[in-house]
Every structure is written in structure tokens, then in C-alpha cells.
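*Asks:* Submitted below is the structure of interest, expressed as C-alpha cells.
The values are calculated or read from the model by the stated rules, or taken from the named source; none is laboratory data. Predicted model only: the values in this text are computed from it and were never measured. All Cβ positions, glycine included, derive from the backbone under ideal geometry; neighbour counts span all protein chains shown. These area figures cover heavy atoms from the full protein model, side chains too; ligands, DNA and RNA do not enter into them. Shrake-Rupley method; radii C 1.70, N 1.55, O 1.52, S 1.80 Å.
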Amino acid sequence: MSTVDRDRPNPSTDPAWEIVIGLEVHCELRTATKLFCGCRNSFGEEPNTSVCPVCLGLPGSLPVLNRTAVDYAMRIGTALHCRVQPSQFHRKNYFYPDMPKDYQISQYDVPINADGWLDLPDGGRIGIIRAHLEEDTGKTTHVGGGGRIHDAAHSLVDYNRAGVPLVEIVSAPDIRSAEEARAYVDELRAILVATGASDGKMEEGSLRVDANVSVRPAGSTDFGTRCEIKNMNSLRSLGRAIEYEAARQMALISEGGTVAQETRHWDEGGGRTGSMRSKEEAYDYRYFPEPDLVPLEPSEDWVAAVATSLPRLPADRRAAVAEASGLPAGSDAVATVVRLGLDHLVDAVVSAAGPPDAPSVAVRRLANEVAADPEAAASLDPASFARLVGMEAGGALTAAQARTVLKAIMDRGGEPEAIASELGFEAMDVSDLEAVVEEIISAHPDEWSRFEAGEDKLTGFFIGKVKAATDGKADLKAASSILRNRR
Amino acid sequence: MTAMSRRITTEGRISAKEVAHVARLARLRLTDEELERFAEQLGAVLEHARDVEQLDTAGVPPTAHPLPLVNVLRDDAVVPCLDRDEVLAQAPEVEDDRFRVPRILGEAP
Ligand SMILES: [Zn+2]
């Protein structure tokens, strides 16, 4: 299998199949030090300068748990609606040079957080099975053979990352498409950043995603055999890898074959997944309780303090913007406003208590013009924005005029009233507008009689004529109500 | 308790084959004679565990740790790390300030 088969079924559109996806997201915590020692937790340091006897696994050293890492883990669990529970640590034993101890300290049967969920912007809900604490591994670099592990002559290891605190978040197999997987990671990233636990940087490896992918005939409730896909470094590669893998499995099953449960590696350049199976036997981690660490039992007070200190999370913020504007919480406009942190501008419009549809006009302007220029958005004066939106919602400015004034404010600042009069944007008098509409009607008698006969789509034709005749100064909403009343 | 130790305690005996499996996981090369000897010795350890299993532990919560302690935590404060020269002086081989290891046969688990 050396080339991509272009005749494969398209997993996104083929109605005969369903894709089932569960994601495992490893999130590095933004602590000052590692999980079990006081070494600096920072990215991009000189190799092997942030290491000590504990994270190098030197004999006689003992781990001591970082309180802040526990706090961050609890913040993540709480934000994901998990049960925060007493837990303990286990040793996961394996021989690999990325861990000098030959085991990784992780959580096994009793994780600190269990049984939660995450709500997607479009209203979907994805279950969270667990979110547990563990330590990261060192970084290996393969020398020779183009940097590929199987062809390398030898490897080099930097242990700066060994022992960095991670929370691994395991979703239920509730995700049904590559697009939904991307939406899940995007939302999870926003939540992790909001809790303060993570910087959310996928490109620096602070957020790493593995995907369990299987396929089944549409309507089936049994799960197919899954493959675990690793090495996806962006949301884009996550989507591509899932689509490729699902198509591979569908083709295999269609041809009478069976899917082997295995780990597969995403090759970004080749656009394909490949088997990572080595000739070694399957790993047997021989988990056993870590004797050097006592159980972790966060007090009720601690759990409560974490819950009350959490900021408003994206889903709650979307609900608030939706309520203020009357737009659906699942709409793209509301999601954009929250993703870009523009909620305070909606709040300013609400506080200004202008026309009733001002908040929805505000969300539309924010999701379009303001979102297009995030730098200018950051310095946009909420009071000026609120007055501008009030002018548009109250009919003093047309939508086109409001967009022009908004652009001017974002480019060079200033007051919306002053800019509007400077640009000659005076609201057109209703009687002037009626006169314009009358002229257009007399100039297009055929279209008018069809419109009168009920051909509603001609509204656009007349509105276009009004817009052209008035150089965009007319309030088009007012113009269409004149048209309707005249009919 | 791992699946293996549970299975062994209920059967009460450990075979040389099982010892060989565990030795392989621990990357230990044992002679046939050693496999037999360790099977016997480990069997004695497991016999002892069987004695403990005879006790009635209904209503006794499982113990995760022998010490009556929970929540041993430290503050998130940086302490000086080891000097790199000292760290790498103990490595069998060094290249580019990193530990040089032989060719790895498979991806990380
Ligand atoms: Zn350390």
C-alpha cells in the first residue's frame, strides 16, 4: 500500500457508514515546576539543564507532589463537569529511553477526575470519561535516516520535559466526524486556557491529541475495531488523519478484510496513517501502586474553592451573549464573539440600553467587521462601539454606513457621530425615501405588477435599485417596509 | 493487584513459563535452572499472600498505602537543578548535550 487510493469512500459523506471517534488529549500544565520535583517547567531551554535526581530517576530520590498541579487538574475536572474524587498514583512500567526511571507515574484505576462532559458550540454534548494527572516524558531526537525512528542510527535524549505535569483528558466515543473532533479540541482548548491550567499551544506541544477511530455500518450500535492515531500536530492534521483512517477502514471492510487493533502514526507529508507495530510483543505495563506517593484526597473545602474561583467558561459566555442578543447560542456569530473574547462589547451595548435590537446588531458587527481585525478589536472603545450600534439599530445609519464608520473608528479612533457627519452620512428623511421608492416603481412597472401579484423575491430587485439611487444612504429596512406597505 | 498476580494466587502455583514471561518484561535473561528456582521462591511468596487471603476482610476498605497519610504536597517553587556537566558525566555516551542511546526499535508506547 504505497499510494493513496483515490476511489476510497468519502467518510464525511457516505451515508452507509458511521465514524466513531474518541479523543485522548494530553495537556501540559502551566506550573512553575515539574510534577514531582522543583525543576523548572519551561519550554525551549538548553537540553538537560532542567533536571535533578528525581526526574532523572537516580537511586534514592523521592517524588513529592506539586500542589499547584493538583489545583490545575481539579480546575480542569470541574470545568469539564467531572466528579473530583480521592485518587492515587500508579507506576506504568515500560522500557523506553524517554523515561529514565523505566516507568511513568500516572493514575490508573482511580483518576482524580471522572465522568464529566463538554458542550460543543453547536449544542452537541461529548462525554468525558476521565481527566487524570501524570508526568510527561523526555524528548527523543533520532539521528540519521532522515530523522525517522526505524532508519535512525541512534537517538539523543533531552530530559527537560521528563516529569512535566500533564492532565490526560479521555473523551467517550461520542464524536462522529472529523469536523466534530476539531470542534471538540477547539472547545476543550478554550476551556483549558480559561481555567488558567494551559497555554493551549498545540504547535509547541502543550496540547497533544491522539484519536481512537473506528467505523461501523450506519444504524449499528456495536463498535468496530478501533485504531489509535498519534502524531497530529494541528487541528488540520487531526481532521485529515481521521478522514484518511476512516476511509482506510471502510475500504478494508468493504473488500472483506478486517481492521487490526493497533496504533498508527500520522504522516503529515504523505497524508496517510501507517502502522507503528514493531516486532516486539504487545506492551504489558504491569501497573502497580506507586509506593513513594501517598493517596490524594482533596478536602471538600478545596474542591469548593476551585469551583468558585473558576472564571465563566465559554459555554456559559455563549449562553449569556445568546440571551442578550436573542441569537441562537449555537450560531457562528455568537461562537465567534466568545472565541475572540468580545463579550464585553456586547455588555457595553446592553448597558447603553439603546433600541431593542441593538445587541443583535452588535453581535453581527462583532462577528464580521470587528472579528476581521482582532488587533483593532482589542483597542475598540466600548462606549463608542455602543453608540455606533445604537445609531444603526435606531435607523440613523444604514447597515452599509455603520460598517464604514466602524472601520474608520477601528482604523483611527474617534467618535461615531463626528465620523458619520464628516462622511456626510445623514439619515435620509422618510418622505425623501418614499419619493425615491415611487420613482423606482414608475420606472419598472412590469416588475412592480409581478411584485404586487405576490412575487416576493422581487424585493431584492427594488432594494438594489434604492441602494443604487441613494448611494447607500437609504435605510434599507425602512425601504422594504415602504415597499410592503405600498403593495 | 495485577491480573497476573490474581490468577496466580487463585491457582496457588507459579510456573517456570510465567516466571520467564515476567523476566522478559523486566528485561532479565534467566537460565532454565534460575527459572525453576525463582518459580519455587516466588511460589512461597504467593503462598504467604494466600494465607492473608484467608482472613475475613469484608467491610475493611482497601488500603492504598501502608502509611496513614494523605495529601503530602509541596509548593510550586523552583529549586536549583543539577549542573549539566555533572548530569552528563554519568551518561555512557553524550552527543549535543544529550544522552546518546542505541537505535530504538519501535515508537514510544
Ligand atoms: Zn527534577
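Here is a yes/no grid of residues against (1) closer than 19 Å to A:Cys37 by Cα; (2) part of a strand (DSSP E or B):
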site: A:Thr78; (1), (2): no, no
site: A:Arg91; (1), (2): yes, yes
site: A:Ala114; (1), (2): no, yes
site: A:Glu134; (1), (2): yes, yes
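*Asks:* Spot the failing condition for A:Thr68; the list is (1) among the β-branched types (Val, Ile, Thr); (2) at the interface with chain B (Cβ under 9 Å from one of its Cβ atoms); (3) open to solvent by less than 40 Å² (accessible area, probe 1.4 Å), and only one is missed.
*Replies:* If we test A:Thr68 against (1) among the β-branched types (Val, Ile, Thr); (2) at the interface with chain B (Cβ under 9 Å from one of its Cβ atoms); (3) open to solvent by less than 40 Å² (accessible area, probe 1.4 Å), just (3) comes out false.
*Asks:* Which residues, counting only those in the range A:443-467, are part of a helix (DSSP H, G or I), exposed (fewer than 12 other Cβ atoms within 10 Å of the Cβ) and modelled with pLDDT under 90?
*Replies:* Listed by number, the residues that qualify are A:Asp456, A:Lys457, A:Gly460.
*Asks:* Which is of a type in the set (D, E, K, R) and under 24 Å from A:Cys55 (Cβ atoms), of A:Asp98, A:Asp119, A:Asp109, A:Asp115? Break it down stepwise before answering.
*Replies:* Details: A:Asp119 fails: under 24 Å from A:Cys55 (Cβ atoms); A:Asp109 fails: under 24 Å from A:Cys55 (Cβ atoms); A:Asp115 fails: under 24 Å from A:Cys55 (Cβ atoms).
None of the other options fit; the residue is A:Asp98.
*Asks:* Name the residue that is surrounded by the most Cβ atoms within 10 Å (Cβ to Cβ), counting only residues in the range A:399-427 that are in a loop (DSSP other than H, G, I, E, B) and hydrophobic (A, V, I, L, M, F, W, C).
*Replies:* Initially, the range A:399-427 is screened for residues in a loop (DSSP other than H, G, I, E, B), giving A:413-415, A:423-427.
Within this subset, residues satisfying the condition of being hydrophobic (A, V, I, L, M, F, W, C) are A:423, A:425, A:427.
Numbers: A:Leu423: 13, A:Phe425: 22, A:Ala427: 19.
By that ranking, first place goes to A:Phe425.
*Asks:* Output the number of the condition that A:Leu238 fails; it satisfies all remaining conditions of (1) assigned to a strand (DSSP E or B); (2) buried (at least 21 other Cβ atoms within 10 Å of the Cβ); (3) of a type outside the set (D, E, K, R).
*Replies:* (1)
*Asks:* When you scan the range A:55-72, how many residues do you find that are in contact with a strand residue (DSSP E or B) (Cβ under 9 Å, 6 or more places away or on another chain), in contact (Cβ under 8 Å) with a residue 60 or more places away in the chain and outside any loop (DSSP other than H, G, I, E, B)?
*Replies:* If we filter the range A:55-72 for residues that are in contact with a strand residue (DSSP E or B) (Cβ under 9 Å, 6 or more places away or on another chain), which is where we start, we get A:55, A:57, A:63-70, A:72.
Next cut, in contact (Cβ under 8 Å) with a residue 60 or more places away in the chain only: A:55, A:63, A:65-66, A:69-70, A:72.
This time we only want the ones that are outside any loop (DSSP other than H, G, I, E, B), so: A:65-66, A:69-70, A:72.
Within the range A:55-72, residues that are in contact with a strand residue (DSSP E or B) (Cβ under 9 Å, 6 or more places away or on another chain), in contact (Cβ under 8 Å) with a residue 60 or more places away in the chain and outside any loop (DSSP other than H, G, I, E, B) number 5.
*Asks:* Scan A:Ile169, A:Ile128, A:Ile175, A:Ile112 and give me the residue that is within 14 Å of chain B (Cβ to nearest Cβ) and open to solvent by less than 10 Å² (accessible area, probe 1.4 Å).
*Replies:* Working: A:Ile169 fails: within 14 Å of chain B (Cβ to nearest Cβ); A:Ile128 fails: within 14 Å of chain B (Cβ to nearest Cβ); A:Ile175 fails: within 14 Å of chain B (Cβ to nearest Cβ).
After ruling out the rest, the residue left standing is A:Ile112.
*Asks:* Residues that are within 16 Å of the ligand (Cβ to nearest atom): which strands (runs of 3 or more DSSP E) entirely in the range A:137-179 hold 2 or more of them? Break it down stepwise before answering.
*Replies:* Numbers: elements: A:139-143, A:154-158, A:165-171.
In the range A:137-179, A:154-158, A:165-171 are the strands (runs of 3 or more DSSP E) which contain 2 or more residues that are within 16 Å of the ligand (Cβ to nearest atom).
*Asks:* Given B:Leu82, B:Leu25, which one is open to solvent by less than 80 Å² (accessible area, probe 1.4 Å), within 16 Å of the ligand (Cβ to nearest atom) and within 14 Å of chain A (Cβ to nearest Cβ)? Walk me through how you get there before you give the answer.
*Replies:* On the way: B:Leu25 fails: within 16 Å of the ligand (Cβ to nearest atom).
Going through B:Leu82, B:Leu25 in turn, the sole match is B:Leu82.
*Asks:* Right, next: Restricting attention to the range A:180-194, report how many residues are open to solvent by 20 Å² or more (accessible area, probe 1.4 Å) and either within 16 Å of the ligand (Cβ to nearest atom) or not small (Gly, Ala, Ser) (or both). Give the steps one after another, and end with the answer.
*Replies:* From the range A:180-194, those open to solvent by 20 Å² or more (accessible area, probe 1.4 Å) are A:180, A:182-183, A:186, A:189-190, A:193-194; that's our starting set.
From the residues that got through so far, the ones that are either within 16 Å of the ligand (Cβ to nearest atom) or not small (Gly, Ala, Ser) (or both) too are A:180, A:182, A:186, A:189, A:193.
Adding up the residues that qualify gives 5.
*Asks:* Shifting gears a bit: Residue under question is A:Ser360, and the condition is that it be modelled with pLDDT under 95, part of a helix (DSSP H, G or I) and more than 23 Å from A:Ser379 (Cβ to Cβ); does it hold? Outline the logic, then answer.
*Replies:* Values: modelled with pLDDT under 95: yes; part of a helix (DSSP H, G or I): yes; more than 23 Å from A:Ser379 (Cβ to Cβ): yes.
So A:Ser360 fits the description; yes.
*Asks:* Counting just the residues of the range A:27-40 that are more than 14 Å from the ligand (Cβ to nearest atom) and not in a loop (DSSP other than H, G, I, E, B), which one comes out least open to solvent (accessible area, probe 1.4 Å)? Before the answer, list the steps.
*Replies:* Kept after step one, since they are more than 14 Å from the ligand (Cβ to nearest atom), are these residues of the range A:27-40: A:27-30.
In the following step, the residues that additionally are not in a loop (DSSP other than H, G, I, E, B) were identified as A:27-28.
Working: A:Cys27: 0, A:Glu28: 31 Å².
Per the stated criteria, the residue is A:Cys27.
*Asks:* For the range A:244-278, how many residues are open to solvent by less than 50 Å² (accessible area, probe 1.4 Å), among the hydroxyl-bearing types (Ser, Thr, Tyr) and away from chain B (no Cβ under 14 Å)? Give the derivation first.
*Replies:* Taking the range A:244-278 first, the residues open to solvent by less than 50 Å² (accessible area, probe 1.4 Å) are A:244-251, A:257, A:259-260, A:262-264, A:266, A:270-271, A:273-274, A:276, A:278.
From the residues that got through so far, the ones that are among the hydroxyl-bearing types (Ser, Thr, Tyr) too are A:244, A:263, A:273, A:278.
Checking which are away from chain B (no Cβ under 14 Å) leaves us with A:244.
Residues meeting the conditions: 1.
*Asks:* Could you grab me the full set of residues in the range B:90-105 that are open to solvent by 60 Å² or more (accessible area, probe 1.4 Å), over 22 Å from A:Gly38 (Cβ atoms) and more than 7 Å from every other protein chain (Cβ to nearest Cβ)?
*Replies:* The answer is B:Pro92, B:Glu93, B:Val94.
*Asks:* So which residues in the range A:143-162 are among the hydroxyl-bearing types (Ser, Thr, Tyr) and more than 7 Å from chain B (Cβ to nearest Cβ), if there are any at all?
*Replies:* Passing the criteria: only A:Tyr159.
*Asks:* Take A:Ala479 and decide whether it is part of a helix (DSSP H, G or I), out of contact with any strand residue (DSSP E or B) (no Cβ under 7 Å at 6 or more places or on another chain), open to solvent by 40 Å² or more (accessible area, probe 1.4 Å) and closer than 24 Å to A:Gly424 by Cα.
*Replies:* So A:Ala479 does not fit the description; no.
*Asks:* Looking at (1) within 18 Å of A:Asp122 (Cα to Cα); (2) open to solvent by 50 Å² or more (accessible area, probe 1.4 Å); (3) touching a residue at least 24 places away in the same chain (Cβ under 8 Å), find the lone condition where A:Thr336 falls short.
*Replies:* Looking at each condition in turn, A:Thr336 falls short on (2).
Residues checked against (1) in a helix (DSSP H, G or I); (2) more than 10 Å from chain B (Cβ to nearest Cβ):
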| residue | (1), (2) |
| --- | --- |
| A:Glu18 | no, yes |
| A:Val25 | no, yes |
| A:Ser42 | no, no |
| A:Ser50 | no, no |
| A:Pro53 | no, no |
| A:Met74 | yes, yes |
| A:His81 | no, yes |
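*Asks:* Quick check on my filter: what residues within the range B:35-68 are within 11 Å of chain A (Cβ to nearest Cβ) and surrounded by 10 or more Cβ atoms within 10 Å (Cβ to Cβ)?
*Replies:* Result: B:Thr63, B:Ala64, B:His65, B:Leu67.
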